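Here's the structure we're looking at; comments come further down.
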């Protein structure tokens, strides 16, 4: 390290402020983070690409500065799904600093990584006050038992009203309407569970019947429609 002649000729003055940096909450304890390995936490957040045409929900489980678990969910252009696949291979095993400065293929995933970095290093995580943090695998809980993203898809027009297509429960097959043609319930299929039954050799027709469920006041509906055809 080089010092200018002026600095070299200055008299030394003792530094009086010797207090530590502010501690942050991490997995049930307060930590004076000085190095990247001092950082741990579980959290998720969202990032969007520059033209705002797609978004990524990123979930990270960090232990001692290293990403141990990553869940990447995207919505937008079709290429984002392949980017998510690549990011799922890239992120685990990297330190937070490495991940922050790594091309995660999709701009939305990169932005999500930046936002999560800020959450984690400032102690704004889901596991901030959970002793020991969350176990590796906690990210899969966001997907539910069917291992399928809980995506909400609904479409509406001024002329014909709303059509529910997908909710957290599953794929919508029917909408129940009351006498005023207002939606009072829907019929759905949890796709993950349905496909698991078929993989186990269950007849698809039987599996479909078993996992066709209802939500809301379908029993009170005076009219039932297929949201994709009617």
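The values are calculated or read from the model by the stated rules, or taken from the named source; none is laboratory data. What you see is a predicted model; the values in this text were computed from it and never measured. Cβ coordinates were reconstructed from backbone atoms using ideal geometry, including for glycine residues, and neighbour counts include every protein chain displayed.
Does the stretch 151-166 contain at least one residue that is under 15 Å from the mean Cα position of the chain (by Cα), in contact (Cβ under 8 Å) with a residue 24 or more places away in the chain and either closer than 22 Å to residue 66 by Cα or in a loop (DSSP other than H, G, I, E, B) (or both)?
Yes - at least one qualifying residue is present in the stretch 151-166.
If the Cβ limit is 7 Å and pairs must be 6+ apart or interchain, which residue in the stretch 113-142 that is crowded, with 17+ Cβ neighbours inside 10 Å pairs with which residue that is in a helix (DSSP H, G or I)?
These pairs meet every condition: 113/99; 113/100; 117/96; 117/100; 120/96; 125/119.
Would you mind telling me which numbered condition in (1) in contact with a helix residue (DSSP H, G or I) (Cβ under 6 Å, 6 or more places away or on another chain); (2) farther than 30 Å from residue 152 by Cβ; (3) surrounded by 14 or more Cβ atoms within 10 Å (Cβ to Cβ) residue 105 fails?
Residue 105 satisfies every listed condition except (2).
Of everything in the stretch 45-54, what is in contact (Cβ under 8 Å) with a residue 24 or more places away in the chain and surrounded by fewer than 19 Cβ atoms within 10 Å (Cβ to Cβ)? Give them in sequence order. Please lay out each step first, then the result.
Step one: list which residues in the stretch 45-54 are in contact (Cβ under 8 Å) with a residue 24 or more places away in the chain, which gives 45-50, 53-54.
Across the stretch 45-54, the qualifying residues are 46, 48, 50, 53.
Residue 189: surrounded by 15 or more Cβ atoms within 10 Å (Cβ to Cβ), without any contact (Cβ under 8 Å) to a residue 60 or more places away in the chain, under 18 Å from residue 152 (Cβ atoms) and more than 27 Å from the chain's Cα centre (by Cα), yes or no? Even if it seems obvious, please write down each step before you answer.
Details: surrounded by 15 or more Cβ atoms within 10 Å (Cβ to Cβ): yes; without any contact (Cβ under 8 Å) to a residue 60 or more places away in the chain: yes; under 18 Å from residue 152 (Cβ atoms): yes; more than 27 Å from the chain's Cα centre (by Cα): no.
Criteria not met by residue 189.
Could you go through the stretch 27-50 and let me know if any residue there is within 24 Å of residue 107 (Cα to Cα), out of contact with any strand residue (DSSP E or B) (no Cβ under 9 Å at 6 or more places or on another chain) and either in a strand (DSSP E or B) or assigned by TED's automatic domain parsing to the domain that holds residue 129 (or both).
Yes, the stretch 27-50 contains at least one residue that is within 24 Å of residue 107 (Cα to Cα), out of contact with any strand residue (DSSP E or B) (no Cβ under 9 Å at 6 or more places or on another chain) and either in a strand (DSSP E or B) or assigned by TED's automatic domain parsing to the domain that holds residue 129 (or both).
Regarding the stretch 71-78, can at least one residue be identified that is touching a helix residue (DSSP H, G or I) at 6+ places or on another chain (Cβ under 7 Å), under 23 Å from residue 38 (Cβ atoms) and without any contact (Cβ under 8 Å) to a residue 40 or more places away in the chain?
no
Filter the stretch 86-106 down to the residues that are touching a strand residue (DSSP E or B) at 6+ places or on another chain (Cβ under 8 Å) and either part of a helix (DSSP H, G or I) or at pLDDT 95 or above (or both) and list them by number.
87, 88, 91, 92, 93, 94, 95, 96, 99
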